[in-house]
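Following: one structure in structure tokens, then a few remarks.
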Amino acid sequence: MIYSDAFDGLPADARAAIYHRMWEVLSGQETAPKYDRLTPPDRRAVLEILRDTKPALPDYFRASP
């Protein structure tokens, strides 16, 4: 969904909130059991894909978790 025109057309505040939540989960800051299935290598792989394919990511996505 984040590659859709609909996502890119969201208000900036909404996109920022979604990106922030994604970062919490993918960086490992979110530790709720429901995210246990995302292994650290899986999280890194998703981050690498996003970094390579979504140029408008917030700068904090460029940091290593």
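Just so you know, all these numbers are worked out from the coordinates, no wet-lab data involved. Values in this document were obtained by computation on a predicted structure and should not be read as measured data. Cβ atoms come from the backbone with ideal geometry, glycine included; neighbour counts cover every protein chain shown.
If you scan segment 21-65, which residues turn out to be under 11 Å from the mean Cα position of the chain (by Cα) and of a type in the set (D, E, K, R)?
If the condition is that a residue be under 11 Å from the mean Cα position of the chain (by Cα) and of a type in the set (D, E, K, R), then R21, E24, R43, R44, E48, R51, K54, R62 are the ones that fit.
K34 fails exactly one of the following numbered conditions: (1) surrounded by 14 or more Cβ atoms within 10 Å (Cβ to Cβ); (2) assigned to a helix (DSSP H, G or I); (3) charged (D, E, K, R). What is the number of that condition?
So the condition that K34 fails would be (1).
Restricting segment 5-15 to residues that are of a type in the set (D, E, K, R) and loosely packed, with under 11 Cβ neighbours inside 10 Å, which is farthest from R51 (Cα to Cα)?
Result: D13.
Any chance you could count how many residues in segment 40-55 are in a loop (DSSP other than H, G, I, E, B) and loosely packed, with under 10 Cβ neighbours inside 10 Å?
Number satisfying all stated conditions: 1.
Being touching a Leu at 6+ places or on another chain (Cβ under 7 Å) and farther than 20 Å from F7 by Cα is the filter here, so list the residues in segment 24-64 that pass it.
R43
With respect to R62, determine if the residue is out of contact with any Phe, Trp or Tyr (no Cβ under 6 Å at 6 or more places or on another chain) and surrounded by 10 or more Cβ atoms within 10 Å (Cβ to Cβ).
No; evaluated as a whole, the condition is false for this residue.
Being in a loop (DSSP other than H, G, I, E, B) and either surrounded by 12 or more Cβ atoms within 10 Å (Cβ to Cβ) or touching a Leu at 6+ places or on another chain (Cβ under 9 Å) (or both) narrows it down to one of I18, I2, so name that one. Steps first, answer last, please.
Numbers: I18 fails: in a loop (DSSP other than H, G, I, E, B).
So the residue among I18, I2 that is in a loop (DSSP other than H, G, I, E, B) and either surrounded by 12 or more Cβ atoms within 10 Å (Cβ to Cβ) or touching a Leu at 6+ places or on another chain (Cβ under 9 Å) (or both) is I2.
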